[in-house]
Structures are given as C-alpha cells and as structure tokens.
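Novice: Before we start, here is the structure in question, set down as structure tokens.
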Amino acid sequence: MSFSADIHCQAAELLLASKKVLIFTHQRPDGDALGSSFGLKYFLEHNGIKAEVFIPGSIPHRHTKLFSGFFSRISAEELSTFDTFAAVDCANPARLGVPDFLTIDALRQSRFINIDHHGGNSMESGFFNLVSPDSSSCCELLVDILTCAGKEIPEKCAQFFMTGMMTDTGCFRFSNTKAHTLRTAALLLEAGAQLEPIVNAVFFSKPVTQMRFENELMQNHLKFASEGKIAYAVIPDELTEKHNFNIKEDEGLIDLLREIDGVIIAVLLYHGPGGIKISMRSKDSRFPVGPVARAFNGGGHELAAGATFEGTAEEAEKALIAKLSDLFA
Ligand code: 5GP
Ligand code: MN
C-alpha cells in the first residue's frame, strides 16, 4: 500500500486496513490509558473493524462508570483470530498488560502498532511506532491520528478521548496543556463530548473512606525537605488497611501534596508489587523529576514520573530525598 508522508496518517491507514484489532495498554490503567483504549476500539468498530480491549484484572473503581466491556482473559486460540495488535499509552514492555503467554518478542514480530506519548518509549515494535512526547495525552495523539484519516470522531469516542485528556492534563491545568491540546478538546466538544459526566465520575466521586484516609495521611505522615520545596509521605500499610483504601485506585492522592503553597516537588512512597513504589510530581520545569526517576531505574514524564525501589521504605526515603534535595542545593 502507498503510505502518507505524515506519520499520523500512516498510523490511521494501518489501523483502518486491519480486520480485527486487540488493544493493550499499561497495567493499572489510568484515565488516559482507558480513554485511549476504548476510544480507539469504538472508532474502529464505527468504521466496520472488529476491535477489543484487553486489560488483565479489573479497572479502578472511579473509571467503572465510564468504561466497561473488555477482555480480562483470552486463550491462545482466540488471540490468533486477531490480525493486528495495538499498544496505547504504554511506555515499556514491563508495564504492558498482556496475557501471560504472550511475549514482547512475539508481539514485536507481529502486526503491532505502538502509539504513545512517553518520551523514551521502549516498546519498539518491528512494525510501526508513533511516540509523540509533545502530546499531552495518548488520547490527544489518537485524535490527531484518527482525524488524519478524514473520518468523523463519533460522540462516544469523543467522550472517551476527552476523559483521557482531562485526566492527563489535570483538567487542562498542567504544563503539558498546549494550544493544540485545547484545540483538540474543542474539537471533541464539537463532536459531542460532555464534561459533566466525566468530572462527576472521575473527579467528584471520592469515597468517604478515602477522604478519611487522606486526612489521616496529611495529619500524621506529611513530611518536608529542602525548606518546604519537597513535600512527601511514606504511606504505612496499616493506614491503607485501617481505611480499607486501595492505593492503586487513586490517581489524585499525590495532588494533596502538590497543592501546598511553596511545594515544588511532591512525592509518595508506598509498598507495591516488586518493592517500594515511588511516585513524583514537579510543579516547575526547572526542577524535573524525570531524571531522578531514571536514576532509580524508573521513568515517566519530566514533571510526572515514578520508579520502583528494591529495599526498605526507610532506604528508599533516604536515597530519594537526598537525590531530590540535590536539585535545590
Ligand atoms: P504515577 O506516579 O502516576 O504512578 O506515574 C507517573 C508517570 O511515571 C507515569 O507516566 C508512569 O508511566 C511513570 N512511572 C511510574 N512508575 C514507574 C516505574 O516504576 N517505572 C517506570 N519506567 N515508569 C514509571
Ligand atoms: Mn498518558
């Protein structure tokens, strides 16, 4: 087939030339991962192409009102009925939610379309990669791709893509919000996206148990370093257990620290699978947390990044806060 010069159009052409697409995203999917997956699924279906989303396990409670209907298991036999695989919003193979029997090498050798907005994406499909770190969200990137095909964005897709754009930009407050981001959001509104259901489901639906957990965390576990420029908390397991709070459910917890006046870097540390999970945000591009995450074998974006530390929480706290304090030394 002849290829368009624009890589967005190439992605659209490949997707629309598929027969049956299985969409993967990162584990513990957030609003952008889900918006990208479901938006792409319904766009393809709208255009007569079979598509399914694969997510191992469940999705966070706050997203269940907006997103439903996905494969959480699949047999090797059924997998073989898909001619195309797509990964959206996933930076690296270790985070990709795929069936246990599917290896990254097998995926790379298949008709595998990798679409992401994380700089340093290491999915490395042998078939097609489109990594756009300038995009606020993978949803924004997908709108660029799909509009390139000259097709309309159906209302249902517009709603999914708007959800991902809103969650990854913090409702268009973060510095990844560019003029193009707002133009894309306007396009989605014109296509029928509605803000109210997204805001109510994702941002105004905090369980009261979570509110109590957060209050106790802020009251008893909030710490500061570098004269208040760094705010951090090591979350004790007992606290999450006491309030029956599932930390994996929450994307907004770190904002409690980020919102504090004078704080430039917010950090959360907690016990996760494989070690101590480090989650970081910076409010100032002169003090990026991306390089710090990479120094701890993690990754992410310059102002929102994370890593997993092998060791105790005390060791993680000491090493990380020392490294972050160096930024202000
Ligand atoms: P969060 O703090 O919300 O878990 O993650 C923020 C960003 O950092 C996301 O883009 C995520 O991909 C990245 N990130 C979080 N944890 C890790 C990790 O352990 N390793 C890598 N490579 N990236 C991470
Ligand atoms: Mn994203």
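Novice: With the requirement that a residue be under 19 Å from the mean Cα position of the chain (by Cα) and either within 16 Å of ligand 2 (Cβ to nearest atom) or of a type in the set (Gly, Ala, Ser) (or both), what does segment 290-300 give you?
Specialist: Selection gives 290, 293, 298, 299, 300.
Novice: Also, I was wondering about something else. Which of (1) within 13 Å of ligand 1 (Cβ to nearest atom); (2) out of contact with any Lys or Arg (no Cβ under 8 Å at 6 or more places or on another chain); (3) open to solvent by less than 40 Å² (accessible area, probe 1.4 Å) is the odd one out, the single condition residue 236 does not satisfy?
Specialist: The one condition residue 236 does not meet is (1).
Novice: Another one. I'd like to know if segment 70-84 contains one or more residues that are within 16 Å of ligand 2 (Cβ to nearest atom) and either in a strand (DSSP E or B) or open to solvent by 10 Å² or more (accessible area, probe 1.4 Å) (or both).
Specialist: no
Novice: Does residue 195 count as open to solvent by 70 Å² or more (accessible area, probe 1.4 Å), in contact (Cβ under 8 Å) with a residue 24 or more places away in the chain, out of contact with any Asp or Glu (no Cβ under 7 Å at 6 or more places or on another chain) and more than 20 Å from residue 285 (Cα to Cα)? First the steps, then the outcome.
Specialist: Working: open to solvent by 70 Å² or more (accessible area, probe 1.4 Å): yes; in contact (Cβ under 8 Å) with a residue 24 or more places away in the chain: yes; out of contact with any Asp or Glu (no Cβ under 7 Å at 6 or more places or on another chain): yes; more than 20 Å from residue 285 (Cα to Cα): yes.
Here the answer is yes, as residue 195 does meet what is asked.
Novice: Please list, ordered by first then second residue, the pairs with beta carbon atoms under 6 Å, 6 or more apart or interchain, first in segment 84-112 and within 18 Å of residue 71 (Cα to Cα), second open to solvent by 60 Å² or more (accessible area, probe 1.4 Å) and within 16 Å of ligand 2 (Cβ to nearest atom).
Specialist: Final answer for the pair search is 95/27; 97/27.
Novice: Right, another one. If a residue has to be in contact with a Ser or Thr (Cβ under 8 Å, 6 or more places away or on another chain) and closer than 16 Å to residue 196 by Cα to count, how many in segment 136-159 make the cut?
Specialist: 0
Novice: Let me ask something else about it. Given the condition touching a Pro at 6+ places or on another chain (Cβ under 9 Å) and either surrounded by 15 or more Cβ atoms within 10 Å (Cβ to Cβ) or without any contact (Cβ under 8 Å) to a residue 12 or more places away in the chain (or both), answer yes or no: does some residue in segment 281-289 qualify?
Specialist: Within segment 281-289, one or more residues are touching a Pro at 6+ places or on another chain (Cβ under 9 Å) and either surrounded by 15 or more Cβ atoms within 10 Å (Cβ to Cβ) or without any contact (Cβ under 8 Å) to a residue 12 or more places away in the chain (or both).
Novice: Something else about it: From 214, 152, grab the single residue that is away from ligand 2 (no atom under 16 Å from the Cβ) and either of a type in the set (A, V, I, L, M, F, W, C) or under 30 Å from residue 19 (Cα atoms) (or both).
Specialist: Numbers: 214 fails: either of a type in the set (A, V, I, L, M, F, W, C) or under 30 Å from residue 19 (Cα atoms) (or both).
One residue alone meets the criteria, 152.
The values are calculated or read from the model by the stated rules, or taken from the named source; none is laboratory data. All values derive from a computational prediction rather than experimental measurement. Cβ sites come from the backbone with ideal geometry, for glycine too, and all protein chains shown count toward neighbours. To get the accessible areas, we keep the full protein, side chains included, count just its heavy atoms, and leave off ligands, DNA and RNA. Shrake-Rupley method; radii C 1.70, N 1.55, O 1.52, S 1.80 Å.
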